[in-house]
2 protein chains.
Amino acid sequence: MNTSTALLTDHYELTMLQASLADGTAQRRSVFELFARRLPDGRRYGVVAGVNRLLDALEQFRFDERAIAFLADRGVVDQVTSDWLANYRFSGDISGYADGEIFFPGSPVLVVESSFAEAVLLETVFLSILNHDSAVASAASRMTWWAGGRPCIEMGSRRTHEEAAVASALAAYIAGFATTSNLEAARRFGIPSAGTAAHSFTLLHDTERDAFTSQVDALGKRTTLLVDTYDVAEAVRTAIDITGPELGAVRLDSGDLPSLAGQVREQLDSLGATKTRIIVTSDLDEFQIAALAPAPVDGYGVGTSLVTGSGYPTCGFVYKLVAREDASGELLPVAKKSVDKISIGGRKWALRRRTTAGVAEAELIGVGSRPEDDGDDRELLRPLVKGGEIVGRTTPAESQAHHLKVRDELPRFASQLSRGEPAIPTQYVGDYAAQNPFAPRSHT
Amino acid sequence: MNTSTALLTDHYELTMLQASLADGTAQRRSVFELFARRLPDGRRYGVVAGVNRLLDALEQFRFDERAIAFLADRGVVDQVTSDWLANYRFSGDISGYADGEIFFPGSPVLVVESSFAEAVLLETVFLSILNHDSAVASAASRMTWWAGGRPCIEMGSRRTHEEAAVASALAAYIAGFATTSNLEAARRFGIPSAGTAAHSFTLLHDTERDAFTSQVDALGKRTTLLVDTYDVAEAVRTAIDITGPELGAVRLDSGDLPSLAGQVREQLDSLGATKTRIIVTSDLDEFQIAALAPAPVDGYGVGTSLVTGSGYPTCGFVYKLVAREDASGELLPVAKKSVDKISIGGRKWALRRRTTAGVAEAELIGVGSRPEDDGDDRELLRPLVKGGEIVGRTTPAESQAHHLKVRDELPRFASQLSRGEPAIPTQYVGDYAAQNPFAPRSHT
């Protein structure tokens, strides 16, 4: 998209800019960090997605004439601020977790270093992208983990905002989904799309046989026929009668799926269609996918629960000023004092502490200084932007591969769907580590 | 936006198109309807939003060269289908509920009449828009109802996809919100935006006094000062010391808001700042807004719970073929046979049945024929598109006024936040009414 992203921003970012330009603090060197104070209730881990979209948004973050005219007309900014905005280019450094990386409470998912003015403007759009995409990826990863080798198909576009749908398809792919139904996601990100027919196609025709014949004529015998518009057993008979045993798959979109899948498998086998797969798609989530593990199912289509983060449609990421230059030019850690909203001042570094066997055992966060790698650890912050230049892009395929690799590092119980603690504890080291709000716990 | 919306579509809409073009059923006259089988668990009513955005999306629903090249390259469509897509213009009729209208289970929120081919392609993007925007508006309406005369400020952009944020701001405005923090929504839809400062602005400065002084210098004494970065009582003293009693408002973003608001009100009054308002903004939802009704609060800022539909981020709208031409040219009602996913075949009409006092008492849905107005009823379906021409646009201000007016028709208990039945029953009349899955209940 060539559209400016600059107005995807909260009004107060502009008023803060104007006041800081007037009093001279706008140029103070600052560190903002993006992190989650906690995981959604009971989740064992979170998955980062949206980093590449965020870099695209940063590239398009320019105040064009139309944006500035709007801000000036509305009285949001004065002339000095308008002039500053017209020349806005982010010139600082950003490091962050990669798309597909796992995160935990306190993980410094993004570290933004620049002047206050340059960084504060990016707050809203950075949070929007990472809060949305990571919520979807976090849910998607639980689904693909439980689906095992069976492919998961993303088909939730209709249940979320039309552009959120495109982003959701990418987030799901990063977390291991095989395909999406969303054509714009397929075009924009180059990921695979798939789809065959809905009930309306069967209802459009005078008979189910007419509909199946038409679909097979158009798409070939390897297509997937939807067999639950009228009577499933009759539809399966009709389908195999038309295609013979070459039929690619049948799809079930209603009913008691575990027992229905068993019946359909038996019927298909009895008709000689032993290679015809069974795809199920009725309001699935990670719990139903787990429950269907023993059933003869060959693929899962997931919609609503995926694009709504399976109960947690946003990640709770916040973007906080953690350090800024003082009058003498020193970088000073800062944090709001609050009983219910905890932040730790000071710039962070992060390692995934691993055993010699490569199993993750802690999220090690250095405050004010880089923690020491004990030889088996993995660096989590990657350079994304250096002096305003984007350096950290990855492809969707790389992000998916990264996710599957780092998920494998987690202790096995991280896949549990029951509610519990994060799979590994967050541990702070270095200056200000004593502020640690996430008391380290021991895991057996 | 001048971007094509044509690929915001599920892959299978295109494969169905191709098969139906090949077998000749593509041109069958069809009626698709968009409706919800139920309201989210316990909700008393839903609010339609997204209709105007949907009309914009329809206007941009064109398969440009880039889209067709992508579809052909990927093998999604053949040459015949590509040629058909290149000339695609929706030429049918659409009627629907207005933005701001109330809906109930089974309400025919959108009725699309055209050839099968023209209507089936619109399924995904229509559902995306209405499912998202109406979920937000439905939550927002409960908030504004309980806020009473106190303004609600939409500030959830950072907790949802960056474009969903823009749509959420409009949906909230339709449901009675006063302002949004989202600048792009303000620009695109002409709705009011507002914002002053975050904690980072206070932390940027050497002292809280420096920060307040800077903000007042930039924005004037009528601004809102955020007083909970360090110690609230001290911040309030500092604020009034700087501005005197003219200070516009203070904002509280943490702590036990009912008691804190009381303390701050007393302190402001004792300092002579009796007109200074108190705005609260900490993770509010409709339940907390209701709980704060007795507290001396003057405005509510709502973020996460608004943009995520307060527990229900999607509306459950579906888009179903309910009637289509048969081989003899007659329009035939159709519906999937299913125990768990009920649809009623046949084209629908809808009236809000009202008492002579103007109180809503039933959602009257005519199946196959228009129900008779008893004199006090209100027509719910409005012409939106006629022969492909968009005729039904409304402004955000009109939509908000419409919402507040029709919400007033509901029986008073519709505002209850406890879980319960829809505020009025859905009643079917005419042909096929016997299929009614929503058993009429009597209300006292």
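Quick note: the coordinates plus some simple rules give every number you see, no bench work behind them. All values reported here derive from a predicted model rather than from experimental measurement. All Cβ positions, glycine included, derive from the backbone under ideal geometry; neighbour counts span all protein chains shown.
The table below lists the values:
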{"quantity": "For chain B: relative contact order, % (alpha-carbon pairs under 8 angstrom, 6 or more apart)", "calculated": "22"}
{"quantity": "Cut-off 10 Å between beta-carbons: net charge of the residues surrounding B:VAL307, Lys and Arg +1, Asp and Glu -1", "calculated": "+1"}
{"quantity": "Other-copy label distances relative to B:ASP83, 7 angstrom Cα-Cβ extension, nm", "calculated": "6.1"}
{"quantity": "For B:ALA49, residues with placed amide H under 5 Å, excluding near neighbours", "calculated": "B:GLY100, B:SER134"}
{"quantity": "Counted charge near B:ALA171, where neighbours are those whose Cβ lies closer than 10 Å (Asp, Glu -1; Lys, Arg +1)", "calculated": "-2"}
{"quantity": "Whichever lysines have a C-alpha closer than 25 Å to that of A:LYS320, once near sequence neighbours (fewer than 8 apart) are set aside", "calculated": "A:LYS336, A:LYS337, A:LYS341, A:LYS348, A:LYS386"}
{"quantity": "Kirkwood Rh in Å, taken over chain B so that all alpha-carbon pairs contribute", "calculated": "23.9"}
{"quantity": "Neighbour cut-off at most 10 other Cβ (10 Å), DSSP loop, trypsin sites (Lys or Arg not before Pro), region B:1-65", "calculated": "none"}
{"quantity": "Relative contact order for region A:146-309, counting Cα pairs under 8 Å that sit 6 or more residues apart, in percent", "calculated": "27"}
{"quantity": "Under 21 Å from A:LYS221, Cα to Cα: lysines that are on another chain or at least 8 residues apart", "calculated": "A:LYS275"}
{"quantity": "Local electrostatic count at B:LEU54 - Lys and Arg +1, Asp and Glu -1, tallied over other residues with Cβ under 11 Å", "calculated": "-3"}
{"quantity": "For B:17-26, mean number of other protein chain Cβ atoms within 10 Å", "calculated": "5"}
{"quantity": "For the protein assembly as shown, share of DSSP beta bridges that run antiparallel, in % to the nearest 5", "calculated": "65"}
{"quantity": "Teacher prompt: B:ASP241 distances to equivalent labels in other copies, 7 Å Cα→Cβ, nm", "calculated": "8.9"}
{"quantity": "Fluctuation leader among B:SER305, B:SER82, B:SER30 - chain B, Gaussian network, Cα springs under 10 angstrom", "calculated": "B:SER82"}
{"quantity": "Residue mean of other protein chain beta carbons inside 10 Å, A:149-161", "calculated": "6"}
{"quantity": "At 7 Å out from Cα toward Cβ: A:THR3 inter-copy label distances (nm, ascending)", "calculated": "0.5"}
{"quantity": "Three-way shape call for region A:1-41 based on the alpha-carbon gyration tensor, with the a/c threshold at 1.5", "calculated": "oblate"}
{"quantity": "Helix-derived mean residue ellipticity, 222 nm - over chain A, DSSP H n ≥ 4, -39500 (n - 2.57), to 500", "calculated": "-10500 deg cm²/dmol"}
{"quantity": "Sequence of B:VAL318, B:VAL80, B:VAL236 once ranked by neighbouring C-beta atoms within 10 Å, starting from the fewest", "calculated": "B:VAL80, B:VAL318, B:VAL236"}
{"quantity": "Rounded to 5, the percent of DSSP beta bridges in chain A classed as antiparallel", "calculated": "65"}
{"quantity": "Likely footprinting exposure, A:ASP326, A:ASP298, fewest C-beta neighbours within 10 Å first", "calculated": "A:ASP326, A:ASP298"}
{"quantity": "Shielding by partners, peptide A:127-136 (average Cβ within 10 angstrom, other chains)", "calculated": "5"}
{"quantity": "Debye-sum result for the protein assembly as shown in log10 I(q)/I(0), which assumes one identical scatterer on each alpha carbon, at q = 0.05, 0.07 Å⁻¹", "calculated": "-0.29, -0.57"}
{"quantity": "Additional length obtainable on full extension of the chain from A:ASP83 to A:THR356, 0.36 nm per residue less Cα span", "calculated": "92.8 nm"}
{"quantity": "Rg over Rh [alpha-carbon atoms, Kirkwood Rh] for region A:146-309", "calculated": "0.96"}
{"quantity": "Integer Hz, Karplus 6.51/-1.76/1.60 couplings in order for region B:380-388, x for Gly and Pro", "calculated": "9, 8, 10, x, 10, 9, 10, x, x"}
{"quantity": "Loop GluC sites (Glu not before Pro), region A:259-343, which have at most 15 other Cβ atoms in a 10 Å radius of their Cβ (DSSP)", "calculated": "A:GLU330"}
